[in-house]
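In what follows, a structure is listed as structure tokens, so that the remarks can point back to it.
The values are calculated or read from the model by the stated rules, or taken from the named source; none is laboratory data. Not measured: the values here are computed from a predicted model. As a convention, Cβ positions derive from the backbone with ideal geometry for all residues, glycine included, and neighbour counts pool all protein chains shown.
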Amino acid sequence: MGIISWVSKTSKGVMDGTSMACPAVAGLIARLLSATPELLSAERNQQRSDDIIKMANSHAVPIGFGPEYEGAGLIDQNQGQG
């Protein structure tokens, strides 16, 4: 999968890799976090960080490449919802 990004001051191109995946995953986690008020308002400490990772992993669905290549899987933002 490619992400359209600026490759110079005047042109865009298709890029991939962790530098492109990180903002997408951060956005998905923010969306999940916004639907979890008790976690969103929790004290900002190690426990909250651990709980956010646990929440993200609970929404991850393996896609068939194994943990070495996909970690916990692809975050499914709709998992567990109506």
Quiz prompt | Yes/no for Ser5 being among the polar types (S, T, N, Q) and either surrounded by fewer than 12 Cβ atoms within 10 Å (Cβ to Cβ) or over 19 Å from the mean Cα position of the chain (by Cα) (or both) | solution = no
Exercise. Give the stretch 1-45 a look and list any residue that's among the polar types (S, T, N, Q) and not in a loop (DSSP other than H, G, I, E, B), or say none.
Key: Ser5, Thr18, Ser19, Ser34
Quiz item: If Lys12 satisfies every condition in (1) out of contact with any Phe, Trp or Tyr (no Cβ under 9 Å at 6 or more places or on another chain); (2) surrounded by 10 or more Cβ atoms within 10 Å (Cβ to Cβ) but one, which is the exception?
Solution: (1)
Quiz item: Assuming Ile63 fulfils every condition listed in (1) out of contact with any strand residue (DSSP E or B) (no Cβ under 9 Å at 6 or more places or on another chain); (2) assigned to a loop (DSSP other than H, G, I, E, B); (3) loosely packed, with under 12 Cβ neighbours inside 10 Å apart from one, which condition is it?
Solution: (1)
Self-check item: Checking Ala35 against (1) farther than 14 Å from Gln77 by Cβ; (2) modelled with pLDDT of 90 or more, the condition it does not meet
Solution: (1)
Exercise. Filter the stretch 41-57 down to the residues that are surrounded by 13 or more Cβ atoms within 10 Å (Cβ to Cβ) and under 16 Å from the mean Cα position of the chain (by Cα), then identify the one that is nearest to Leu28 (Cα to Cα).
Key: Ala56
